[in-house]
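Asks: This is the structure I want to talk about, given as C-alpha cells.
The values are calculated or read from the model by the stated rules, or taken from the named source; none is laboratory data. Predicted, not measured: the structure shown is a model, and the values here were computed from it. Cβ coordinates were reconstructed from backbone atoms using ideal geometry, including for glycine residues, and neighbour counts include every protein chain displayed. Just the protein is used for accessible areas: all its heavy atoms, side chains included, with ligands, DNA and RNA removed. Shrake-Rupley method; radii C 1.70, N 1.55, O 1.52, S 1.80 Å.
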Amino acid sequence: MKKAFFLSFTSLLSLYLIKGCSSGIGSNPSTNSTIPGEKTLLAIYMVGGNLEDDVKPRNGTPDEKEKGSISTAGAGSSDLRELLEGYQNLTETEQKSLDILVGFGGGRKQGWKGIKYADISCLIKDSEDRYFGNESCYKYSEIEANMATSDTLTKFLQFTKKNYSGDKRKILQLWDHGFAYLGMGNDSVNGSDLITLPELKESFTNSAVSFDLIGFDACLMANLEVAKVVKDFGTYMVASEELEPGHGWNYTDYLEILSANGSANFEQIGKKLVDSYFDNPDHKSENKKDKTLSLINLKKINSLLSQVDQFAGKLDLKNFPILVNNLEASQKFGSSVKNGTIYSIDLKNWAGNIKKDLPDMDIFAGQVIKTIEELVIYERHDKTKPNSSGLSIFSLNKVFENKYGPNQAVSDSWLGFSRSFLSVGESDNINPEINNNGFQTKATEPGKCSYEGQEGQCINVSDNKCLKRVDQVLSVKKDEDNLLMIGTRPLSPIDNKGNYFQPKWDGQWFSLCDGDCKSGKTIFPSAYFYGKAEDDSVIYTSDALLNGEEVTFFLQANNKNKVISQWAVPYSIGTEGEVYPARVQVDIESGDVLQFYYQLYSKKSRKITWETGETITFTKNPIWDFTEVKAESVYFAKADDFGGNTANSEINISVKVNVTQNVNVTQNQTVTGPTININFPGKK
C-alpha cells in the first residue's frame, strides 16, 4: 500500500484559513464561489467499498468491526492524504488555480457510510484527527445514499455543474473497482451492487454535464463499451485495460501536474498522468505487475464504433477455427483460471491477428487498427502485457454471455456476432480426438518418438469444430485413481496437419518453501501456463486461498525456471457467481497462510474437479526453487476445444518415488463447482 501522509496541525490550520470551511449537512447542497475562467475543477467520485473498509487481512470483514474501534487505514483514505500532500506542496497562486471536490463514501466504516461532499478546505479539516468522514463541514451529506446507483452519481454531477460552472477546465475522476462492460463502483454497504453502464449513461445524461477529461482510477475500464457510454460527456479518457495495482494513481503528482500545466492542452496533461502512474516508485517495483494505462480521444470513438460494426458484420463463422485461434492468441485482461473468466481482450491485437490470417478481412480489420492508433493518443504497458495497445473489448467469454446484451454491446452487429460465435461453441458436445501414434519419426519404443533431439511422444490432435489449445499436463499421483495436475505447458503444432510433439517431463517443478528449502516446509504449488512477457519470461497462474481469502496467484519465471516475481490478486464472487477482482496486488510474505487449488483428475469417473491442497504457514519469507517432485509424477497431453470438451493422451510415467507424502498436496477440501467430462483413452 502507499505511504501514509498526515499533515501537522499547524499546516492544516494554515491551509484551512486560506480556503475556509463551509458547512451545510442535509439535503440542500450549498454553493461554492469561484473565479470565472481561471480555475480547473478536479471532481472525484470515490466509492470506498472494501478497498477502504477491508484493508487487512482482506477477509471480507470490515476493519472497524474486526478492530472494535475506528480505523484510519484504507486505499481511499491514503489517496485523500496524497491529495492533501499534493495541495500543500503547491504555492498559494497554484492552490487558487484549482477547485477540488470529493464525493466519498460507500464503505462499511463509520465515517464512510452513504456519501459526503468535501472541498479542499473541508478535507483539510476532516484530516486533522487522521480519520475522514467525521466532520461537520461537508457541502452535502446523505448517510443512506447508495453510491452504486445512478441517482447518487447524478446528484454529484449536478452539484459540480451548478457550483463550479465558472471553472474553465473540468476533470472527473471515478474511483473504485472496475469491471469493464459490467460497470464499476462496489458500495460495500449495499452488497455487490454496481454502477452499470446504463446507470452511468443515465447519470451523465440527466445531469447534462461534460468534462475535458474523464479518468477511471479503477480496473479494466479502458474498454470500448465504457468509452461508448462516456464519449458524449468528455473529450478525453484515461483508464487501464488491465487490473490496477493497489496503489492506483498518484494524487500528489496529479495536483502538481494540473497546477503546473494550467495552460497546457489535455493531451499533454493526459500523457503526464499516464507517466505519473507508471513512474511512481511504488509501481516501479518488480512485484507490481499487469500495469496498463492509456489516454483516449473520445471524440473519435464514434468512428471506431462504426468500423467495429462493419468489421463484426463481415466476420464469417465458416472461419470459426481461425477466429478461435485468433481469440486465444490475443492479449487478455481480468483472467481467472478456476472460474474460467476473461473480461476483455485487446481490440487492436485481435483485429491484427484476424487481418494476418484472413485476407478477406484485411480492409475492415485495417480500418479498426488505424482508428485505434489515432484515438489512443498515448499508452504504456509493462512487460507482462506485451500486446496491450490501449483499448479493449468484450472477450467473447461464455461466462459473461448472459450479462452482455444490448445495453453493453458496442453495436448490433457486434452483439449478433458475439452471440452466434458463442452459440457455435456451446452447440459442440464432441470431444477432440488424440491419436497417440501420430506423425512418423524414429521410434524409440511403441508410442514414443524423438523430435529435434528430444525424447517424447508424437501425437495427432483433431476436433470436429475447433481446437482451442493443447497443453502438456504435469501431475502427481494422489492415489491409484486420482491425479493432481500441478502444472501445464503449451504445446504447439509442428505442422498444419494437427501433429504435436510432447517432450518427456523430467519430474521437476516449482517448489515454495518456508524460508529454507532444505529444512523448512515445502509445497509444490499449482502453476498453469498463462502467457509470455516481452522479455520471453513465462507467467503461470493458479487460484489459492491467501489468509482465507480467494485470490488469483501469479508467478513469473525466466528461461532457467527461476522465479523472478510473484503476486496475488484477491477477488470476490457476486450473487450470480460473477468474479470481481480487487484493485490490489498482494505479495506473499512472512506471516501469511497459503493454500493452493489444484485440478484433480479421476481416472475412474474421467472428470476434473477442483480441490484444495495442504496449507503452508510462512514463519519466514517464502523461497522459490525448481526441483524434483518427491512423488510418482506423470504427464500427458490435454486438448481443449472452444465448447469446453477435453481429451487426453495416454499417461506417461516421469519419475517413480516410493515416498509420496512429501509432495504436500493431500486433499483438504473438495471445491463445489462444475466438473469437466473428459475423454481419456490411455492407461487406466
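Asks: Would you confirm, using the coordinates I've provided, whether residue 584 is closer than 29 Å to residue 193 by Cβ and not in a strand (DSSP E or B)?
Replies: Yes.
Asks: Can you work out which of the residues in the stretch 67-118 that are part of a helix (DSSP H, G or I) and aliphatic (A, V, I, L, M) is farthest from residue 261 (Cα to Cα)?
Replies: Taking the candidates together, the pick is 75.
Asks: Farther than 30 Å from residue 193 by Cβ and either crowded, with 21+ Cβ neighbours inside 10 Å or modelled with pLDDT under 90 (or both): does that describe residue 519?
Replies: Judged against the criteria, residue 519 is a match.
Asks: A follow-up question, please. Report whether or not residue 263 is surrounded by fewer than 20 Cβ atoms within 10 Å (Cβ to Cβ), assigned to a loop (DSSP other than H, G, I, E, B) and modelled with pLDDT under 95.
Replies: So residue 263 fits the description; yes.
Asks: What are the pairs with Cβ atoms under 7 angstrom where one residue, in the stretch 204-232, is farther than 20 Å from residue 415 by Cα and of a type in the set (S, T, N, Q) and the other, located anywhere, is modelled with pLDDT of 95 or more and part of a loop (DSSP other than H, G, I, E, B)? Sequence gap at least six, or different chains.
Replies: These pairs meet every condition: 210/233.
Asks: If I filter the stretch 628-675 down to residues being buried (at least 19 other Cβ atoms within 10 Å of the Cβ) and among the basic types (Lys, Arg), which single residue comes out as modelled with the highest pLDDT?
Replies: It comes out as 638.
Asks: Is it the case that residue 365 is touching a helix residue (DSSP H, G or I) at 6+ places or on another chain (Cβ under 6 Å), surrounded by 19 or more Cβ atoms within 10 Å (Cβ to Cβ) and over 14 Å from residue 387 (Cβ atoms)?
Replies: It is true that residue 365 is touching a helix residue (DSSP H, G or I) at 6+ places or on another chain (Cβ under 6 Å), surrounded by 19 or more Cβ atoms within 10 Å (Cβ to Cβ) and over 14 Å from residue 387 (Cβ atoms).
Asks: With respect to residue 110, determine if the residue is farther than 27 Å from residue 151 by Cα, out of contact with any Lys or Arg (no Cβ under 8 Å at 6 or more places or on another chain) and in contact (Cβ under 8 Å) with a residue 40 or more places away in the chain. Spell out how you get there, then give the answer.
Replies: Values: farther than 27 Å from residue 151 by Cα: no; out of contact with any Lys or Arg (no Cβ under 8 Å at 6 or more places or on another chain): yes; in contact (Cβ under 8 Å) with a residue 40 or more places away in the chain: yes.
Taking the combined requirement at face value, the residue does not satisfy it.
Asks: Could you list, in sequence order, all residues of the stretch 331-346 that are touching a helix residue (DSSP H, G or I) at 6+ places or on another chain (Cβ under 6 Å) and crowded, with 24+ Cβ neighbours inside 10 Å?
Replies: Initial filter on the stretch 331-346 (touching a helix residue (DSSP H, G or I) at 6+ places or on another chain (Cβ under 6 Å)): 331, 340-341, 343-344.
Once the filter is applied, which keeps residues that are touching a helix residue (DSSP H, G or I) at 6+ places or on another chain (Cβ under 6 Å) and crowded, with 24+ Cβ neighbours inside 10 Å, the stretch 331-346 yields 343, 344.
Asks: Give just the number: which of (1) under 21 Å from residue 276 (Cα atoms); (2) touching a helix residue (DSSP H, G or I) at 6+ places or on another chain (Cβ under 7 Å) does residue 113 not satisfy?
Replies: (1)
Asks: Among the residues in the stretch 144-158, are any closer than 23 Å to residue 277 by Cβ and either in a loop (DSSP other than H, G, I, E, B) or touching a residue at least 60 places away in the same chain (Cβ under 8 Å) (or both)?
Replies: no
Asks: Which condition breaks for residue 248 when tested against (1) open to solvent by less than 20 Å² (accessible area, probe 1.4 Å); (2) closer than 17 Å to residue 301 by Cβ; (3) in contact (Cβ under 8 Å) with a residue 40 or more places away in the chain?
Replies: (2)
Asks: Within the stretch 589-619, count every residue that is open to solvent by 10 Å² or more (accessible area, probe 1.4 Å) and in a loop (DSSP other than H, G, I, E, B).
Replies: Result for the stretch 589-619: 11.
Asks: Looking at this structure, is residue 123 free of Cβ contacts under 8 Å to residues at least 60 places away in the same chain, in a helix (DSSP H, G or I) and aliphatic (A, V, I, L, M)? Walk me through how you get there before you give the answer.
Replies: On the way: free of Cβ contacts under 8 Å to residues at least 60 places away in the same chain: yes; in a helix (DSSP H, G or I): yes; aliphatic (A, V, I, L, M): yes.
In short, yes.
Asks: Quick test for you: out of 135, 199, pick the one residue that is in contact with a helix residue (DSSP H, G or I) (Cβ under 7 Å, 6 or more places away or on another chain) and part of a loop (DSSP other than H, G, I, E, B).
Replies: On inspection, the qualifying residue turns out to be 135.
Asks: Just to be sure I understand the filter: pairs with C-beta atoms under 6 Å, separated by 6 or more residues or on different chains, first member in the stretch 60-84 and farther than 30 Å from residue 95 by Cα and touching a residue at least 24 places away in the same chain (Cβ under 8 Å), second member basic (Lys, Arg) and outside any helix (DSSP H, G or I). Which pairs pass?
Replies: Sorted first by the residue in the stretch 60-84, then by its partner, the pairs are 62/108; 64/109.
Asks: Go through the stretch 347-362 and report how many residues are open to solvent by less than 50 Å² (accessible area, probe 1.4 Å) and either of a type in the set (A, V, I, L, M, F, W, C) or over 27 Å from the mean Cα position of the chain (by Cα) (or both).
Replies: Selection size over the stretch 347-362: 6.
Asks: Return yes when residue 388 is in contact with a Gly (Cβ under 9 Å, 6 or more places away or on another chain), open to solvent by less than 10 Å² (accessible area, probe 1.4 Å) and not in a helix (DSSP H, G or I) and no when it is not. Reasoning before the result, please.
Replies: Working: in contact with a Gly (Cβ under 9 Å, 6 or more places away or on another chain): no; open to solvent by less than 10 Å² (accessible area, probe 1.4 Å): yes; not in a helix (DSSP H, G or I): yes.
Criteria not met by residue 388.
Let's see how each residue does on (1) touching a strand residue (DSSP E or B) at 6+ places or on another chain (Cβ under 7 Å); (2) not β-branched (Val, Ile, Thr):
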{"position": "112", "(1), (2)": "yes, yes"}
{"position": "115", "(1), (2)": "yes, no"}
{"position": "125", "(1), (2)": "no, yes"}
{"position": "139", "(1), (2)": "yes, yes"}
{"position": "142", "(1), (2)": "yes, yes"}
{"position": "155", "(1), (2)": "no, yes"}
{"position": "161", "(1), (2)": "no, yes"}
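Asks: Please give the number of the condition residue 235 fails out of (1) open to solvent by 10 Å² or more (accessible area, probe 1.4 Å); (2) touching a Leu at 6+ places or on another chain (Cβ under 7 Å); (3) assigned to a loop (DSSP other than H, G, I, E, B).
Replies: (3) is the only condition that residue 235 fails.
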